[in-house]
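Student: Please find one structure pasted underneath; my questions will follow.
The values are calculated or read from the model by the stated rules, or taken from the named source; none is laboratory data. Here the structure is a predicted model, which is why all the values come from computation and not from measurement. Every residue, glycine among them, receives a Cβ derived from its backbone with ideal geometry; neighbour counts consider all protein chains shown.
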Amino acid sequence: MAPVDRPNVLWIFCDELRRDAVGSYGNPYVEIQTPHIDGIGAGGVVFDDYFVNSPVCVPSRMSMLTARSPEQTGVYGNEAADEGYPVPPDTVTFPQVFADHGYRTANFGKEHIPKRIRPWATHDPTGSGMQDLIKASKPYGPSLIRSPGVPRVVGGVFPEDCAFPPAQITQHVIRALDAADDRPFLLRASYLQPHTPILVPEPWADRYPTAAFPERPTRHHGLSEFEQRLGVINRGDGDGVDDAMAPRDFQQAQANYFGLVSWIDDQVGQLLSALDSRGLRKSTIILFTTDHGSYLGEDGNFGKHTFAPQNQRVPLMIRWPGTVEDGGRRTDMSQGLDVARTLFGLCGIPSPPGFGGRDLFGGEDAPAHVFGSIGYGSPSSLAFPNFGVGTYLGGRGWPRRSCVRTDRFRLDLNTRVDGRAVAPEDEDVFLVDRSTDPLEVENRSSDAEYDDVRTELRRILIDHTQGAVEAPDTAVYGPGRTQGWKGKMGRALARVRTSSD
């Protein structure tokens, strides 16, 4: 067992986990059953206002690992996970720093970062592949629920006669605990779940009644053109679209999602029990979080890709018995950039130069602003490049969208379209006052009483995006890149889509 001044770290990491899918954060429709996850917060600290720095997998994961913003890494979308994508040569991840200080580091499950970045001494992706889930479910293709626009599986029951592949991640982490040596460890259990394809095994598939959830998404008419366009591409709200999801399917998709989170909670319980049975409870920091959240049909949307709170404001819990306060709740703003320096501080590791964010337990003040960005803004950019769909208004490439948040306001706007900075008339400014609009659906950018706020936050955001690292378009969309139905995921989902043929 590692001495307390050299604690172990177990990072439990999910993908597309909404804040309202965890019992500690509350849900407007059902009582969420996540007792093991809730126990992490009850024995540690729950962060109520935690935001990721990009509402999509690869840039968010890169920001957490490097404590750098997308503007500093040049990673703005999942296209960066392709072979040969350039990243700044001085890029260092915090697991590498832990290894340099004598830690045994390993990731089990999903990684999804630029292939040139290798944070972990050991990486085993077994159990994290989308294709394994899709392949096992292929015979059940006709019964799966898909969004009517982008052909993603958003609901379904995993076949009972097949082993559920993600469960292997839990078992591999537990085996890694048994292989412990004299070195402290930094282990990550990185689950694909509850990311689409949402396929939930029994008995969790029936955990929540479908009738508890809305039959149709609420439609908000004051959203930015950017968010409205995303809803049109998804076509999930049925506003004049013949092939929108049936009400029963819409309810079932939501029930499947939350049931899958309860499956994750069961895995968390196994991990916590393994720590306890090996005498590692008091010497191990638990970090529980996700790379971003997800829409569940709101305004016709599935997936993520915007700064709506269900995508950007996500769960974060940290527990270390005897050191981190029991049962505390923090309301100050925190962000993905804070993960690295917080773990450095707890483990007594000096933070190297270049790591941003703050140590959440180091006595530093909360940031005045939290920034986020998504998208390359290239002429060939698409909202959903893996599916080959999603042009912007007028048939232009999908824009880069950037965001700045304060403890009261959120402002986001387009910053790059068709390979260049946008003109002011194309910015599509969206400003919300979170104090009166927690759902963040009422655009106040044209209200006179918010003129000064809009002007100042726009200036701050534009200043932040100046000098951003840019990848050449050929690195993102050049020959051989995974765009459209040539991508592996696109091909796999196409097979599921036609499995009844």
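Student: If we scan the range 166-178, do we find a residue that is of a type outside the set (Phe, Trp, Tyr) and at pLDDT below 90?
Tutor: No, the conditions are met nowhere in the range 166-178.
Student: Provide a single number: the residues in the range 409-425 that are charged (D, E, K, R) and either surrounded by 15 or more Cβ atoms within 10 Å (Cβ to Cβ) or closer than 12 Å to residue 453 by Cβ (or both).
Tutor: Qualifying residue count for the region: 4.
Student: Could you name every one of the helices (runs of 4 or more DSSP H) located completely within the range 25-97 that has at least 2 residues being closer than 23 Å to residue 10 by Cβ and not hydrophobic (A, V, I, L, M, F, W, C)?
Tutor: Filter on the range 25-97 gives 35-42, 57-66.
Student: How many residues does the range 280-321 hold that are more than 12 Å from residue 19 (Cβ to Cβ), in a loop (DSSP other than H, G, I, E, B), modelled with pLDDT of 90 or more and not basic (Lys, Arg)?
Tutor: 8
Student: Find the residue count for the range 167-202, including only residues that are of a type outside the set (Val, Ile, Thr) and over 21 Å from residue 121 (Cα atoms).
Tutor: 8
Student: Let me ask another. Would you mind finding the one in 441, 432 that is touching a His at 6+ places or on another chain (Cβ under 7 Å), at pLDDT 95 or above and within 25 Å of residue 19 (Cβ to Cβ)?
Tutor: Going through 441, 432 in turn, just one is touching a His at 6+ places or on another chain (Cβ under 7 Å), at pLDDT 95 or above and within 25 Å of residue 19 (Cβ to Cβ): 441.
Student: OK, next. Looking at 61, 19, which one is in contact with a helix residue (DSSP H, G or I) (Cβ under 9 Å, 6 or more places away or on another chain) and touching a residue at least 40 places away in the same chain (Cβ under 8 Å)?
Tutor: 19
Student: Which condition number does residue 204 fail, the rest of (1) buried (at least 19 other Cβ atoms within 10 Å of the Cβ); (2) out of contact with any Asp or Glu (no Cβ under 8 Å at 6 or more places or on another chain) being met?
Tutor: Going through the list (1) buried (at least 19 other Cβ atoms within 10 Å of the Cβ); (2) out of contact with any Asp or Glu (no Cβ under 8 Å at 6 or more places or on another chain), residue 204 breaks only (2).
Student: Only residues that are in a helix (DSSP H, G or I) and under 23 Å from the mean Cα position of the chain (by Cα): list them for the range 145-171, please.
Tutor: Once the filter is applied, which keeps residues that are in a helix (DSSP H, G or I) and under 23 Å from the mean Cα position of the chain (by Cα), the range 145-171 yields 167, 168, 169, 170.
Student: Out of (1) under 22 Å from residue 218 (Cβ atoms); (2) without any contact (Cβ under 8 Å) to a residue 40 or more places away in the chain, what's the single condition that is false for residue 438?
Tutor: (2)
Student: Applying the selection to the range 318-336, what residues are closer than 28 Å to residue 72 by Cβ and buried (at least 24 other Cβ atoms within 10 Å of the Cβ)?
Tutor: 318, 335, 336
Student: Now, a different point. If we keep just the residues of the range 171-200 that are free of Cβ contacts under 8 Å to residues at least 40 places away in the same chain and closer than 17 Å to residue 271 by Cβ, which is surrounded by the most Cβ atoms within 10 Å (Cβ to Cβ)?
Tutor: 171
Student: If you don't mind, there's one more thing I want to ask. Report yes if some residue within the range 346-362 is under 20 Å from residue 304 (Cβ atoms) and in contact with a Gly (Cβ under 7 Å, 6 or more places away or on another chain); otherwise report no.
Tutor: Checked the range 346-362: no residue is under 20 Å from residue 304 (Cβ atoms) and in contact with a Gly (Cβ under 7 Å, 6 or more places away or on another chain).
Student: Still on this model: Go through (1) touching a Leu at 6+ places or on another chain (Cβ under 7 Å); (2) part of a strand (DSSP E or B); (3) not acidic (Asp, Glu) one by one and return the number of the condition residue 229 breaks.
Tutor: All conditions are met except number (2).
Student: Separate question: For the range 141-166, enumerate the residues that are surrounded by 16 or more Cβ atoms within 10 Å (Cβ to Cβ), small (Gly, Ala, Ser) and more than 13 Å from residue 198 (Cα to Cα).
Tutor: Across the range 141-166, the qualifying residue is only 149.
Student: Go through the range 367-408 residue by residue and tally those that are surrounded by fewer than 24 Cβ atoms within 10 Å (Cβ to Cβ), modelled with pLDDT of 95 or more and in a strand (DSSP E or B).
Tutor: The number of residues fulfilling the criteria is 1.
Student: Going by the conditions given, is residue 307 crowded, with 24+ Cβ neighbours inside 10 Å, touching a Cys at 6+ places or on another chain (Cβ under 6 Å) and among the hydrophobic types (A, V, I, L, M, F, W, C)?
Tutor: yes
Student: What number of residues within the range 192-213 satisfy the criterion of being closer than 15 Å to residue 254 by Cβ and not in a loop (DSSP other than H, G, I, E, B)?
Tutor: 8
Student: Give 174, 117 a once-over and let me know the one that is among the hydrophobic types (A, V, I, L, M, F, W, C) and part of a helix (DSSP H, G or I).
Tutor: Going through 174, 117 in turn, the sole match is 174.
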